[in-house]
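Colleague: My questions will all concern the structure given below.
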Amino acid sequence: MSEPAESFTDEEYAFLRHVRFGELPPRVGPDERVEFTETEPRRDRPEPAGSPDEWNLRLGPGG
């Protein structure tokens with residue numbers, strides 16, 4: 001099957017984007033921004049659970 005040969009102008013594409021996504025929120029100015037300060041430890045890695053002895057009991061020898 002071949003694709004339809006229909007082509008849109010830039011203005012038509014802009015209209016279709018507006019219909020699909022709506023308008024962007026107003027721009028945030030520099031005076032409205034705040035500095036972010038990390039207050040808690042990063043959560044990209046899970047905290048270790050249990051001690052090595054507990055893991056040996058759970059998994060058994062060689063586990």
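Colleague: Grab the Cα-Cα distance for L59 and H18, subtract it from 0.36 nm times how many residues apart they are, and report the gain in nm with one decimal.
Modeller: Separation in residues times 0.36 nm, less the Cα-Cα distance, equals 9.1 nm.
Colleague: Could I ask something else about it? Once phi is turned into ³J(HN,Hα) by the Karplus curve 6.51 cos²θ - 1.76 cosθ + 1.60 with θ = phi - 60°, what whole-Hz value does each residue of region 10-27 show in order, with x for glycine and proline?
Modeller: The phi angles translate into 4, 5, 5, 4, 4, 5, 5, 4, 5, 5, 6, 10, x, 8, 6, x, x, 5 Hz.
Here, each number is a calculation from the coordinates, and none is a lab measurement. Worth saying up front: this structure is predicted, and the values here are computed from it rather than measured.
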